1. Among the residues of the stretch 287-305, which ones are open to solvent by 50 Å² or more (accessible area, probe 1.4 Å) and more than 17 Å from residue 97 (Cα to Cα)?
2. Which one is farthest from the chain's Cα centre (by Cα) among residues in the stretch 97-129 that are at pLDDT 90 or above and of a type in the set (Val, Ile, Thr)?
3. Name every residue in the stretch 172-181 that is crowded, with 18+ Cβ neighbours inside 10 Å and under 25 Å from the mean Cα position of the chain (by Cα), in order of residue number.
4. Need the failing condition index for residue 91 against (1) at pLDDT 90 or above; (2) more than 20 Å from the chain's Cα centre (by Cα), just the number.
5. Select from the stretch 130-144 the residues that are within 17 Å of the chain's Cα centre (by Cα) and either open to solvent by 30 Å² or more (accessible area, probe 1.4 Å) or small (Gly, Ala, Ser) (or both) and write down the one among them that is nearest to residue 119 (Cα to Cα).
6. Filter the stretch 138-148 down to residues that are touching a Phe, Trp or Tyr at 6+ places or on another chain (Cβ under 8 Å) and over 13 Å from residue 257 (Cβ atoms), then give me how many there are.
7. Can you go through 296, 269 and tell me which one is assigned to a loop (DSSP other than H, G, I, E, B), of a type in the set (A, V, I, L, M, F, W, C), at pLDDT 90 or above and within 22 Å of the chain's Cα centre (by Cα)?
Amino acid sequence: AHHHNTMGSRGSKEVKDKPVVLIVGGGYGGVAIAKMLDKDAAFNVVIIDRKNYFLHNMALLRATCVEGWEQKCIIPYTKVLKYGSVVQGEVEAIAKDGKSIKVYGEEKEIQCDYMVVCTGSSYAFPAKVAEVDATSVPAKYSKMRQDVNAAENITVIGGGAVGLELVGELSHYYSKKNITLIHTGETVLNNTALGDKMKAKTLAAVQALPNVKVMLGERVEFSELQSEIKESSVSYVEGKRELTTSKGNKVGTDLVFFCTGTKTNTKSFKDNLPVDEEGRIKVNEHLQIEGCKTAFALGDCAAIGPKVVI
């Protein structure tokens, strides 16, 4: 049975009698699936996301250096779908049978014939943005560029993909600044599935940058900095200070970026859907959620292969 009564009002007339496909999370995975299913009007596609825009976070870190770059990375969801619709809201819970979701502040559940869960993962600003409205994004970046401009010594903590990319951008656009990368691992990218050759090559490239110093196998005691960060979703702290590493080395800095890891967004499904020990949704080889015929999961929130690098 199709639940047209609840969803008929959304989407264009071409899809009002078509099966409803609810896409939970409009990141790379969700948008790709949504476009595929929407293009021939065979399904009534509904994207639900907290934000009203798609964020091209692959290219986003350049916005730490280049004026106005973030505008290139923000695409309103309205441009993504031809026939379907977008609901802006926070998903409180996904039903056990994968046939409906509960949205914060909405009394009625949104029902569907099919569901694709792509809640993805989150990462602190500037690598990803938590702002729900596209118009509030540029001001955050503009403030950060001022902080970067004013800093002479910049420290990046964490030698994963994000930390390395950030070091690369900063080094390229600000050749006069001193940049220090501090990483707990003995090699960069040690938590990724990349091969040793690739890791060594990447490390050599970063070490070759004239204004970058790399410190491996050291961690920073930053409990007092953490409290400043906890207050916001921003992963950097400004202000002159001296960091002390676990080996007793001292690093003077004006600005510290924390690039220490991705979190899977599990809140909407962790109580109702089957998850593995990392909290990711269990799926079969067709990406069907265990125990659900019409619900699927993909991307960082699904238990498939190693976690995505970004």
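The values are calculated or read from the model by the stated rules, or taken from the named source; none is laboratory data. It should be emphasised that the depicted structure is a prediction, and the values quoted were computed from it without experimental measurement. Counting neighbours? That spans all protein chains shown, and the Cβs are built from the backbone with ideal geometry, glycine included. Note: accessible area is taken over every heavy atom of the protein model, side chains too, but ligands, DNA and RNA are not part of it. Shrake-Rupley method; radii C 1.70, N 1.55, O 1.52, S 1.80 Å.
1. Once the filter is applied, which keeps residues that are open to solvent by 50 Å² or more (accessible area, probe 1.4 Å) and more than 17 Å from residue 97 (Cα to Cα), the stretch 287-305 yields 304, 305.
2. Result: 110.
3. Matches in the stretch 172-181: 179, 180, 181.
4. (2)
5. Taking the stretch 130-144 as the starting set, the residues that turn out to be within 17 Å of the chain's Cα centre (by Cα) are 130-134, 137, 140-141.
Next, only the ones that are either open to solvent by 30 Å² or more (accessible area, probe 1.4 Å) or small (Gly, Ala, Ser) (or both) stay: 130-134, 140.
Working: 130: 13, 131: 16, 132: 15, 133: 18, 134: 19, 140: 24 Å.
Once the filter is applied, the top-ranked residue is 130.
6. Going through the stretch 138-148 one residue at a time, the tally reaches 2.
7. Values: 296 fails: assigned to a loop (DSSP other than H, G, I, E, B).
Going through 296, 269 in turn, just one is assigned to a loop (DSSP other than H, G, I, E, B), of a type in the set (A, V, I, L, M, F, W, C), at pLDDT 90 or above and within 22 Å of the chain's Cα centre (by Cα): 269.
Results for (1) open to solvent by less than 20 Å² (accessible area, probe 1.4 Å); (2) more than 19 Å from the chain's Cα centre (by Cα); (3) under 20 Å from residue 241 (Cα atoms), shown as yes or no for each residue.
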site: 158; (1), (2), (3): yes, no, yes
site: 165; (1), (2), (3): no, no, no
site: 170; (1), (2), (3): yes, yes, yes
site: 183; (1), (2), (3): yes, yes, yes
site: 187; (1), (2), (3): no, yes, no
site: 193; (1), (2), (3): no, no, no
site: 198; (1), (2), (3): no, yes, no
